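The values are calculated or read from the model by the stated rules, or taken from the named source; none is laboratory data. Keep in mind that this is a model prediction, so the values were computed, not measured. With ideal geometry, Cβ positions are generated from the backbone for all residues, glycine too; neighbour counts draw on all protein chains shown. Ligands, DNA and RNA are excluded from the accessible area calculation, which covers all protein heavy atoms including side chains. Shrake-Rupley method; radii C 1.70, N 1.55, O 1.52, S 1.80 Å.
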Amino acid sequence: MSDSNAYGPESTDVQTHLQIMQGVIQRMADNSRSCKVWCVTLVSAILVLVARTGKADHILIALAPTVLFLVLDAYYLGLEQGFRASYNAFVAKVHKASVSTTDLFTVETSGPIPRHFLSAVFRSFSVLPFYVTVAATTVIAWQLVL
């Protein structure tokens, strides 16, 4: 089975490999979504606690999870982009009928992760604008409580 024709689009090995890749990509997308959910939850909880205690300086504590979740979210989104690129490269090999045994069941990102990370931070509408909005809301709340 070292023949590249044995690994066409209908091959169960190819289909299984694509399902594995799709699962990894879906987990990265779920992790990215969870970062946003947890960020909003924690920042909201901090703002509620500060509103109850009346200590305005403690509102700035909410900026810490905002920055941490921004980094984590961008990391997961960067990994997702890398796995999508790897998935697309594999599908291109399937279309060219050049899939070999070594291409199957190895799940790696395509390209350097730092590049994907920076792309996720600065080019994705779902990262920087979201966390800037959360940080701005925190600062506005701080100004209102003062």
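Figures for the structure shown
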| item | result |
| --- | --- |
| Residue match in the range 83-101 (condition: in a loop (DSSP other than H, G, I, E, B), of a type outside the set (Gly, Ala, Ser) and under 17 Å from residue 16 (Cα atoms)) | yes |
| Filter result for residue 7 (open to solvent by 40 Å² or more (accessible area, probe 1.4 Å) and aromatic (Phe, Trp, Tyr)) | no |
| Top-ranked residue in the range 68-79 [being among the hydrophobic types (A, V, I, L, M, F, W, C) and in contact (Cβ under 8 Å) with a residue 24 or more places away in the chain; ranked as least open to solvent (accessible area, probe 1.4 Å)] | 74 |
| Of residues in the range 17-67 being farther than 28 Å from residue 145 by Cα and touching a residue at least 60 places away in the same chain (Cβ under 8 Å), the one most open to solvent (accessible area, probe 1.4 Å) | 22 |
| Hits in the range 102-146 (condition: among the β-branched types (Val, Ile, Thr), within 18 Å of residue 29 (Cβ to Cβ) and in a loop (DSSP other than H, G, I, E, B)) | 107, 109, 127 |
| Checking residue 98 against (1) touching a residue at least 24 places away in the same chain (Cβ under 8 Å); (2) loosely packed, with under 14 Cβ neighbours inside 10 Å; (3) among the polar types (S, T, N, Q); (4) closer than 30 Å to residue 145 by Cα, the condition it does not meet | (4) |
| Selection status of residue 109, modelled with pLDDT under 95, of a type in the set (S, T, N, Q) and within 30 Å of residue 40 (Cα to Cα) | yes |
| Test: residue 37 is in contact with a Phe, Trp or Tyr (Cβ under 6 Å, 6 or more places away or on another chain), aliphatic (A, V, I, L, M) and modelled with pLDDT of 95 or more | no |
| Residue satisfying condition, being among the aliphatic types (A, V, I, L, M) and under 25 Å from residue 143 (Cβ atoms), within set 74, 64 | 64 |
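Yes/no per residue for (1) surrounded by 14 or more Cβ atoms within 10 Å (Cβ to Cβ); (2) within 20 Å of the chain's Cα centre (by Cα); (3) within 30 Å of residue 57 (Cα to Cα):
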{"site": "103", "(1), (2), (3)": "yes, no, no"}
{"site": "108", "(1), (2), (3)": "no, yes, no"}
{"site": "112", "(1), (2), (3)": "no, yes, no"}
{"site": "116", "(1), (2), (3)": "yes, yes, no"}
{"site": "123", "(1), (2), (3)": "no, yes, no"}
{"site": "132", "(1), (2), (3)": "no, yes, yes"}
